[in-house]
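Taking it in order: structure first as structure tokens, then the write-up.
Bear in mind that the values in this text are calculations on the coordinates, not laboratory data. Quick caveat: nothing in here was measured; it's all calculated off a predicted structure.
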Amino acid sequence: MRRSQDLPVDSSRRRFTGRGILIGLGGLFMFVLIFGRAIARFYVDYLWHGALDRGDVFWGVIGAKFTLFAIFFLFFAVLACVNLYIADRTAPSSFPANVHPYVERFHEVFCR
């Protein structure tokens, strides 16, 4: 008779360890602790608008908030990219002799 250690192991099946379960529960706890109030407020508003048969108002507000977020995010992203482009074009390629060695090292590591 074979021992259990000699049997082929199915590598696609994973066993849950105590540490993995504990990390997962800790992550779930932190998620609820951080976002619990916002999730509860969202759900209560959803139920309230649904009880009044005004789900269209609820989803309209959510759509407006998402649209404003997307517009300002894109505006910020374009502004940041333009600023980075200008900073890259105007940055000096060489430094004078009296520059601190740490500045030269930083420039060598990150700017080349």
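Across the range 67-72, coupling constants 3J(HN,Hα) worked out from phi with the 6.51/-1.76/1.60 Karplus curve, θ = phi - 60°, read 5, 4, 4, 4, 5, 6 Hz, and Gly and Pro carry x. Listed options for Rg and Dmax of the Cα atoms in Å are [x] 27.7, 79; [y] 12.9, 36; [z] 17.4, 53. The value calculated from this structure is the one marked [x].
Based solely on its DSSP helices, what 222 nm [θ] is calculated for the chain when runs of n ≥ 4 H residues each add -39,500 (n - 2.57) and the sum is averaged over all residues, nearest 500 deg cm²/dmol?
Mean residue ellipticity at 222 nm (helix-derived): -25500 deg cm²/dmol.
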